[in-house]
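The values are calculated or read from the model by the stated rules, or taken from the named source; none is laboratory data. Everything numeric here is computed off the predicted structure, so don't read it as measured data. Neighbour counts run over all protein chains shown; Cβ positions are idealised from the backbone, glycine included.
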């Protein structure tokens, strides 16, 4: 807590000094901030102040900002640094970060920036992997040791190498063809006799992924086996890089956000603090589409205008049947989407889940239908209305559960994202529910009015 | 991929051998499985086979299962191991895992099991912290070095100590009162001269949390600063334990699941594969409550029966006004809930967000209202109906955005969970929307019919 107050005071001082263009003082003050805090300060400034501050900061501090910036703010940071200063900054970041930055640029600028780098080859190599693949987020700063050397030789090698990455928690053991054989922890190295061969203390049970593996799968491997890093190999099993927990945690959080947003029909780059113009641009198209589906639902009702005129009480039960089934379907879809994301569910559980949702839907539909039918009896004293309400709610609830579980599972089987927007589910349950209620009402209209 | 096929074959063989009670072969086969895979096999067996298998497995393998079991399966595992065998197993797990297990037991069994442990004191100490606090998930297996010793002394100490935890990636530096002073990586130790004092190579910028800190906050610190572990200190700053990335990743995932489930009104322990009886018990109470709110919404409509009889077209626009506003509110609530979880948003952004949602709601409401009014004109040719639809949709969309953003923010300010269920939001927007549409319709009924 004391830390947080201190940090807030520091930030306040920094803002004042930036406004007064007291650069010498600003740089001293800012040097004591963690890059994760500094990036927040930088992004909170207006465009002019931000550019001015970045101009004043040493290149290595600017470079660190690129390691801590969120994906959605990366473009803003690049713009403020300026394309002409970018190569100097990128020389100081890790290869995978440089590749991410260059992939955000216009093609012409990307080629120019890449060419200006000393490590153009290494960075270009990383750029060949899909942004969402393990290859796209892996780091090169791993340490590989040949299984044929001794512990003593390995320690001497590490002393000379001084591995530059803070991320070298695992040491990887490879054979003469650079194929991954296993891992050793630095701790094991430290506590073993110097004459021991690495092959004797190598842990061969290593969970690797390939460069083509989806980054989410790499995150799942990390979480499943309680690891801090997952090595990445090529098709021949040669060690190409390492994905680390800090990057994979971001993948997991993005994935969870994406699923939540997709269920609610929100653009993945949207945040509640996005400027209102941006939000309008991102949310309005979806909302208008949503409105159009509501129009379709309304179109289902229009032909029943006469039925509603003769039995207006049916309108009272419309929101009950639509709303309750919509919620039922959304619940089931959320359970399936999350279950798939956490690997609790697989495509082959399809039959099991459908069977379960039929049983669940029958019990739940009957219970809810009887309650709603009771309400209909109390309001109208008309047993036929109660029967219509019972039948419509029972069937619609049952269908909502089936559609809500089947659609995400089918999407996954087709290789698509299972996080179906609940808007399509509720559109469907609305339409089906109104058709049932008003259709049955029309058939029995002489008993209802 | 080849690994996965192999693992599946292994599991199939294991199941066959278990069914045949070929224990000697089962134990050999199972010993080659990672505990994360073995736990899946164990949990997939029926109660009898599970008990029989656990009886045959060596205690240290059973103990490892407790490190990899999910929270919601922990109770099943405890039951299958059996209360009488539990103390022997708990002797082999880490203190924090033992504390978690004992906290799942009935009070009498908990006391008995705790008393049977050699390390009863250490485990009991951990049990004093809230299950959701950093103290509740921290591990004791950290290595603390006094800042006054040299690198050579530290290495000798580590060789003798052979730190038992695979989690000892950071070495913590403390002063004479055991207060946390900073961290050193084993790598730094390895590459520094043996005569260097630890205080000279200590990184003092360390992000610690206290034992009372919420576990989610610890996870946020880990993610924000790209760490692999976050140290936990007591009120005096003394190092008490360490929370590691693997545990904090689980916290983040549980938190994301909880938010998604709460938005959809799902019990937090529910999964799509839960047995149907369990699902009925967990989902039905909420669904019936949901149905009751739908009844309340219906109660809003009942007094307008005459209005609907005279202008049945109003019923066509009911689902448009209710559904569209409900989706708008749910979107905003999802954005705020996720923003709060990811620390993008804080309570003090309240005014900013409300101002934005007013601007957004006016533009969006006017646009959606005009489109819906256009539809009303096309269907009915009645300008008054169009005006009623425009006004009701504009106002209801605006209010949905304000309620959807304000409620989670207010809940957070009150210290409650901001993940308000969208059911309450849609109940509110349904009721408000029907009141607007049918109320205005009643006022203008002579123009509409």
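General observations
- Test result for residue B:154, at pLDDT 85 or above and within 15 Å of residue A:186 (Cα to Cα): yes
- Residue B:294 within 18 Å of residue A:366 (Cα to Cα) and crowded, with 18+ Cβ neighbours inside 10 Å: yes
- Subset of region B:100-116 [outside any helix (DSSP H, G or I), within 29 Å of the chain's Cα centre (by Cα) and either surrounded by fewer than 17 Cβ atoms within 10 Å (Cβ to Cβ) or free of Cβ contacts under 8 Å to residues at least 24 places away in the same chain (or both)]: B:104, B:106
- Matching residues in region B:344-358 - criterion: being touching a helix residue (DSSP H, G or I) at 6+ places or on another chain (Cβ under 6 Å), modelled with pLDDT under 90 and more than 7 Å from chain A (Cβ to nearest Cβ): B:347, B:350
- Subset of region B:253-278 that is in a loop (DSSP other than H, G, I, E, B) and facing chain A (nearest Cβ under 7 Å) - its residue that is farthest from residue B:335 (Cα to Cα): B:273
- Some residue of region B:186-195 being in contact with a helix residue (DSSP H, G or I) (Cβ under 6 Å, 6 or more places away or on another chain), crowded, with 20+ Cβ neighbours inside 10 Å and over 20 Å from residue B:146 (Cα atoms): no
Here is a yes/no grid of residues against (1) part of a strand (DSSP E or B); (2) under 31 Å from the mean Cα position of the chain (by Cα); (3) within 11 Å of chain B (Cβ to nearest Cβ):
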| position | (1), (2), (3) |
| --- | --- |
| A:152 | no, no, no |
| A:181 | yes, no, no |
| A:187 | no, no, yes |
| A:190 | no, no, yes |
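- Which listed residue is surrounded by 19 or more Cβ atoms within 10 Å (Cβ to Cβ) and under 18 Å from residue B:412 (Cβ atoms), from B:346, B:357: B:357
- Residue list for region B:333-373, filter: within 19 Å of the chain's Cα centre (by Cα) and outside any loop (DSSP other than H, G, I, E, B): B:333, B:334, B:335, B:336, B:337, B:338, B:339, B:340, B:341
- Against the numbered list (1) farther than 16 Å from residue A:190 by Cβ; (2) assigned by TED's automatic domain parsing to the domain that holds residue B:148; (3) crowded, with 22+ Cβ neighbours inside 10 Å, residue B:198 comes up short only at (1).
- Residue check for residue A:266: surrounded by 17 or more Cβ atoms within 10 Å (Cβ to Cβ), within 16 Å of the chain's Cα centre (by Cα) and at pLDDT 90 or above: no
- Applying the set (1) within 23 Å of residue B:126 (Cβ to Cβ); (2) crowded, with 18+ Cβ neighbours inside 10 Å to residue B:53 leaves exactly one unmet item: (1).
- Flag for residue B:70 being surrounded by 12 or more Cβ atoms within 10 Å (Cβ to Cβ), under 25 Å from residue B:242 (Cβ atoms) and touching a strand residue (DSSP E or B) at 6+ places or on another chain (Cβ under 9 Å): no
- For region A:376-404, a residue qualifies if it is over 25 Å from residue A:358 (Cα atoms) and assigned to a helix (DSSP H, G or I), and the qualifying residues are A:376, A:377, A:378, A:379, A:380, A:383, A:384, A:385.
- Matching residues in region A:411-422 - criterion: being closer than 17 Å to residue A:342 by Cα and part of a helix (DSSP H, G or I): A:411, A:412, A:413
- Condition met for residue A:368 (within 11 Å of another protein chain (Cβ to nearest Cβ), at pLDDT 90 or above and under 24 Å from residue B:289 (Cα atoms)): yes
- Residue match in region B:158-167 (condition: touching a residue at least 60 places away in the same chain (Cβ under 8 Å) and facing chain A (nearest Cβ under 10 Å)): yes
- Summed over region B:311-332, the residues that are more than 7 Å from every other protein chain (Cβ to nearest Cβ) and more than 29 Å from the chain's Cα centre (by Cα) give a count of 3.
- Residue A:341 vs. criteria at pLDDT below 90 and facing chain B (nearest Cβ under 7 Å): no
- Residue among B:303, B:285 that alone is surrounded by fewer than 20 Cβ atoms within 10 Å (Cβ to Cβ), more than 8 Å from chain A (Cβ to nearest Cβ), under 27 Å from residue A:376 (Cβ atoms) and modelled with pLDDT under 90: B:285
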